[in-house]
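Below is one structure, written out as structure tokens; the observations come after it.
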Amino acid sequence: MKVTRVAYSHGLNPGKYAALSEQACRLGRVRSRVWQQYGSVVGAGLKDRQVRDAWLADGTHHRFGVLANAWKETVRDAMADIAANREAAKVHVRQAIRRHASDPVKMKHLFTELKADRWAADPFLSRQMRRHCKRGKNRTHNQIVVRSDQHNTKVDARGRLWLAVPGLRRRQLVRIPLNTTIAPTGTLRLILRGGLVEIHYQIDAADMRTSQRPCGTRRVGVDKGYTEALTDSDGDHHGTRLGRLLTTESDHRKAKGRARAKLRSIANGAARRGDHAKAARIHRHNLGTVKRQRRRARWEATVRTETFTAVHRVVDKANTVVAEDLTKKFTGRSLLGKNTNRRLAAWTKGVTAEALKNVSERRGSALVPVNAAYTSQACHRCAALGRRGGDRLHCTRCGVVWQADVNAAINILQRASDPDIALHTPHTRVKQILQERADRHRTRLPVQDSSHHPAAESETSELLSNEQYAGSRGVDDGIGGSDRRQRQAGPGGGT
Ligand SMILES: [Zn+2]
């Protein structure tokens, strides 16, 4: 497995940044041209080498004003983007084939042709591809792709690492000081953003230090939370700084947004009065995006570190992690509207999903996805849907107050071995199953309502004072405990 790493420039002088920006901008034109000429169905099945040869033959490349290696790598990268765009369309076309073809032989033939990129010859496939393959457009004007043999690194006397990449002229290298001492390797993607150069590169996950860290031996369920990244079925919380990170960032963005709106209205007012100099001044000095972008990048990096550390902690004790199904889509930005907090929370949920998958693959632990419907509402002991109040879940049936996220994590762990609730069981069916279980549980229990109030109350208060109960002793103990209490209550209820 490959993992993407990002290094940043540190204290790069503006002249070099401008030179790199110019190069990226020219390469952006190369990208646009690739998209223009080959972005549609015309480019299907074409290799980047063929595009290169065609452009070398007709002299197109003379107009780019960049070194040969730079534009050739860009062509390769853009063709890969176009291919990815086309693959996305194929998902829809495959569905169309399933609807369209009734004969299995014919269907298989269509799938094969589609996969081998020979769909242009078939009228049905070609029509479908034209419909679903939205003609793309290049929007990338800030990237430079550098082949692995075109760059080198050197450490200076002060221990700083410098990365040298080709400039606009032959044998003229641009040296970029980096914020790290780990040299980037392989093909580099330089992204120029907000005065910083981001150097994206891929490394083999097996080479990473954490990949050699052994995983635990247990089976643990985890619940993705808001105030912390993960809560496990043992009752341990991991990534507890996440909630604060989210709240402060959300408050900050709201305040900044309001201030910017105010400034924008002042600028617009000035422009209306004809004071364009003032409007331009406000736009340049007060409504820029450089600092905002930088802050966001920093915040995202902090959240990622917190989340990945949390997942590593879980894998430290588990070789099997049971979690909510991750292939499910997270609520999109459009549905969340302007609510900053919810938007950020959705984003961090995606990071948690990525971290779980990534760390599991690297360290060799198993990740078991389960259906998480009602895991945060149902009592893990009796399956009744409880009442949620803050971080507590009150089960009205057993009269117990659980810590909501620990209860959810235990439910998730139990789902992995649930005989009735599969990954894709619809949530309405899940609710039905839970209700049936809760009813069965009640009929086994003695009548609790009238005769034995004092006993029931004392049991509740004991559990309240002991609210870590579910957490500290694990699932099996929890169930055993309930049985014990049932036996105690049994004779009492009878008398
Ligand atoms: Zn219960």
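The values are calculated or read from the model by the stated rules, or taken from the named source; none is laboratory data. Not measured: the values here are computed from a predicted model. Ideal geometry is used to build each Cβ from the backbone, glycine not excepted, and the neighbour counts take in all protein chains shown.
One table, with the values for the structure above:
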| quantity | calculated |
| --- | --- |
| Search result, residues across the range 71-106 that are within 26 Å of the chain's Cα centre (by Cα) and among the acidic types (Asp, Glu) | ASP77, ASP81, GLU87 |
| Residues satisfying the stated conditions in the range 367-380, i.e. within 16 Å of the ligand (Cβ to nearest atom) and surrounded by fewer than 22 Cβ atoms within 10 Å (Cβ to Cβ) | TYR374, SER376, GLN377 |
| Among the residues listed as SER451, SER417, the single one being more than 21 Å from HIS238 (Cα to Cα), modelled with pLDDT under 90, in a loop (DSSP other than H, G, I, E, B) and more than 16 Å from the ligand (Cβ to nearest atom) | SER451 |
| Cβ pairs under 6 Å, 6+ apart, first in the range 63-88 and within 16 Å of ARG139 (Cα to Cα), second modelled with pLDDT under 90 and part of a loop (DSSP other than H, G, I, E, B) | ILE82/GLY39; ASN85/GLY136 |
| Answer from HIS132, HIS151 - the residue that is over 17 Å from TYR201 (Cβ atoms) and not β-branched (Val, Ile, Thr) | HIS132 |
| Meets criteria (at pLDDT below 90, out of contact with any Lys or Arg (no Cβ under 9 Å at 6 or more places or on another chain), within 14 Å of the ligand (Cβ to nearest atom) and not in a helix (DSSP H, G or I)) for ARG388 | yes |
| Members of the range 399-408 found to be touching a residue at least 60 places away in the same chain (Cβ under 8 Å) and either within 16 Å of the ligand (Cβ to nearest atom) or assigned to a loop (DSSP other than H, G, I, E, B) (or both), listed by number | GLY399, VAL400, VAL401, TRP402, GLN403, VAL406, ASN407, ALA408 |
| Given (1) farther than 30 Å from ILE182 by Cβ; (2) in contact with a strand residue (DSSP E or B) (Cβ under 6 Å, 6 or more places away or on another chain); (3) among the small types (Gly, Ala, Ser), index of the condition ALA96 fails | (2) |
| Flag for ALA346 being within 25 Å of MET1 (Cβ to Cβ), in a helix (DSSP H, G or I), within 26 Å of the chain's Cα centre (by Cα) and away from the ligand (no atom under 14 Å from the Cβ) | no |
| Breaking point among (1) over 18 Å from VAL51 (Cβ atoms); (2) in contact with a helix residue (DSSP H, G or I) (Cβ under 9 Å, 6 or more places away or on another chain); (3) surrounded by fewer than 16 Cβ atoms within 10 Å (Cβ to Cβ); (4) touching a residue at least 12 places away in the same chain (Cβ under 8 Å), for MET107 | (4) |
| Residue in the range 279-287 that is loosely packed, with under 12 Cβ neighbours inside 10 Å and over 27 Å from the mean Cα position of the chain (by Cα) present | yes |
| Neighbours by Cβ (under 7 Å, 6+ apart or cross-chain): first from the range 333-351, surrounded by 10 or more Cβ atoms within 10 Å (Cβ to Cβ); second at pLDDT below 60 | ARG342/LEU336; ARG343/ARG333; ARG343/LEU336; ALA346/PHE330; ALA346/THR331; ALA346/LEU336; LYS349/PHE330; GLY350/PHE330 |
| Matching entry among GLY15, GLY11, GLY43, GLY28 (being touching a helix residue (DSSP H, G or I) at 6+ places or on another chain (Cβ under 7 Å) and not aromatic (Phe, Trp, Tyr)) | GLY43 |
| Check on VAL430, more than 24 Å from the chain's Cα centre (by Cα) and away from the ligand (no atom under 16 Å from the Cβ) | yes |
| Selection status of HIS441, of a type outside the set (D, E, K, R), at pLDDT 50 or above and outside any helix (DSSP H, G or I) | no |
| Long-range neighbours under 7 Å by Cβ, at least six apart or interchain, first residue farther than 14 Å from VAL6 by Cβ within the range 156-185, second in a loop (DSSP other than H, G, I, E, B) and of a type in the set (D, E, K, R) | TRP162/ASP156; PRO177/ARG160 |
| Test: ASP232 is within 26 Å of ASP418 (Cα to Cα), surrounded by 16 or more Cβ atoms within 10 Å (Cβ to Cβ) and under 18 Å from the mean Cα position of the chain (by Cα) | no |
| Residues within the range 157-179 that are in a loop (DSSP other than H, G, I, E, B) and either among the small types (Gly, Ala, Ser) or loosely packed, with under 15 Cβ neighbours inside 10 Å (or both), tallied | 9 |
| Condition broken by TRP35, with the remaining ones in (1) touching a Leu at 6+ places or on another chain (Cβ under 6 Å); (2) of a type in the set (Phe, Trp, Tyr); (3) assigned to a helix (DSSP H, G or I) satisfied | (1) |
| Filter pass, GLY243 being in contact (Cβ under 8 Å) with a residue 40 or more places away in the chain and either within 19 Å of ALA355 (Cβ to Cβ) or not basic (Lys, Arg) (or both) | no |
| Meets criteria (within 32 Å of the chain's Cα centre (by Cα) and more than 20 Å from ARG29 (Cβ to Cβ)) for GLY159 | no |
| Any hit, the range 156-179, residues being closer than 23 Å to ALA44 by Cβ and out of contact with any helix residue (DSSP H, G or I) (no Cβ under 7 Å at 6 or more places or on another chain) | no |
| Residue within the range 424-437 that is modelled with pLDDT under 90, within 28 Å of PHE308 (Cα to Cα) and not assigned by TED's automatic domain parsing to the domain that holds LYS317 present | yes |
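The rows are residues; the columns are (1) of a type in the set (Ser, Thr, Tyr); (2) at pLDDT below 95.
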residue: MET208; (1), (2): no, yes
residue: GLN212; (1), (2): no, yes
residue: GLY221; (1), (2): no, no
residue: LYS224; (1), (2): no, yes
residue: LEU245; (1), (2): no, yes
residue: SER250; (1), (2): yes, yes
residue: LYS262; (1), (2): no, no
